[in-house]
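Heads up: the structure comes next, in structure tokens.
The values are calculated or read from the model by the stated rules, or taken from the named source; none is laboratory data. Please read these numbers as outputs of a predicted model, since none were measured by experiment. Backbone-built Cβ (ideal geometry, glycine too); neighbour counts: all protein chains shown. Please note that ligands, DNA and RNA were not included when accessible areas were found on the heavy atoms of the full protein model with its side chains. Shrake-Rupley method; radii C 1.70, N 1.55, O 1.52, S 1.80 Å.
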Amino acid sequence: AQTVTQSQPEMSVQEAETVTLSCTYDTSESDYYLFWYKQPPSRQMILVIRQEAYKQQNATENRFSVNFQKAAKSFSLKISDSQLGDAAMYFCAYTTDKLIFGTGTRLQVFP
Amino acid sequence: DVKVTQSSRYLVKRTGEKVFLECVQDMDHENMFWYRQDPGLGLRLIYFSYDVKMKEKGDIPEGYSVSREKKERFSLILESASTNQTSMYLCASSLNGGQGNEKLFFGSGTQLSVL
């Protein structure tokens, strides 16, 4: 069965610092997609970043980047220059045809 | 920007009541989804729909049904609400192609309490 594991229920970071959220997944597929979604206090989830498994290059979106290690089935999210607005729940998700979410990591950002 | 609107932000119902959760999207998306979000469990798919009048079971459909009479509207129905259905319900939509590589657009959720 395909599973997504986020082993860090909570993380904290100081403003302007860098933080890495971890995600591992289990699959026998070779072609799939990985996502990080952010859920702020407003509760509306928004897509942060997307990675296609056949692309070796790590995806980057402004201050957000991933470290995708296909052999290790690892997909971590790095947030650089953290801002107060980054405080949220972050969900890692995997899909071939059906989206499977991890349990989430709550990120706190301290001034 | 795509807007996915859920009719209620908070809802309190009694055990045994029939509950309707409504979701409307304004961007002519083909696909619509209902998820349930519980602490420590993440998001779990209840039902989804790829077209009008079409529905597919997700991972936890028991106790729920759905209706999609119009493309923009996807309703989740709890036929007889129970306390274990107390949860956050999230609606989402995507343009087409199933969930494969499509970006999902989410509503702001309905926090349902069943007493």
When (1) touching a Ser or Thr at 6+ places or on another chain (Cβ under 9 Å); (2) within 14 Å of chain B (Cβ to nearest Cβ) are applied to A:LEU107, the one that fails is (2)
Among residues of the stretch B:21-42 being farther than 13 Å from B:LEU104 by Cα and either surrounded by 21 or more Cβ atoms within 10 Å (Cβ to Cβ) or in contact (Cβ under 8 Å) with a residue 60 or more places away in the chain (or both), the residue farthest from the other protein chains (Cβ to nearest Cβ) is B:LEU21
Check the stretch B:45-60 and report whether any residue there is of a type in the set (Lys, Arg) and more than 14 Å from chain A (Cβ to nearest Cβ). yes
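For the stretch B:26-115, please list each of the strands (runs of 3 or more DSSP E) lying entirely inside it that holds at least 1 residues being among the β-branched types (Val, Ile, Thr).
Numbers: elements: B:31-38, B:42-49, B:64-70, B:73-78, B:87-94, B:110-114.
It comes to B:42-49, B:64-70, B:73-78, B:110-114.
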How many residues are part of a loop (DSSP other than H, G, I, E, B), β-branched (Val, Ile, Thr) and open to solvent by 60 Å² or more (accessible area, probe 1.4 Å) when one looks only at the stretch A:1-59? 1
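Look at A:SER82 and say whether it is away from chain B (no Cβ under 12 Å) and either acidic (Asp, Glu) or within 30 Å of B:PHE48 (Cβ to Cβ) (or both).
Values: away from chain B (no Cβ under 12 Å): yes; either acidic (Asp, Glu) or within 30 Å of B:PHE48 (Cβ to Cβ) (or both): no.
It is false that A:SER82 is away from chain B (no Cβ under 12 Å) and either acidic (Asp, Glu) or within 30 Å of B:PHE48 (Cβ to Cβ) (or both).
Keeping to the stretch A:71-106, report how many residues are among the charged types (D, E, K, R) and within 10 Å of the chain's Cα centre (by Cα). If you could, list the steps in order and put the result at the bottom.
As a first pass, look at the stretch A:71-106 and keep what is among the charged types (D, E, K, R): A:73, A:78, A:81, A:86, A:97-98, A:106.
Okay, now just the ones that are also within 10 Å of the chain's Cα centre (by Cα), so A:78.
Looking only at that region, the number is 1.
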Would you confirm whether or not the stretch B:72-79 contains a residue that is buried (at least 20 other Cβ atoms within 10 Å of the Cβ), of a type in the set (Phe, Trp, Tyr) and away from every other protein chain (no Cβ under 14 Å)? yes
Scanning the stretch B:99-115 for residues that are at pLDDT below 85 and either over 21 Å from B:ASP26 (Cβ atoms) or among the acidic types (Asp, Glu) (or both) gives B:GLY100, B:ASN101, B:GLU102
Scan (1) surrounded by 14 or more Cβ atoms within 10 Å (Cβ to Cβ); (2) without any contact (Cβ under 8 Å) to a residue 12 or more places away in the chain; (3) of a type outside the set (D, E, K, R) for the single condition B:GLN6 breaks and write down its number. (2)
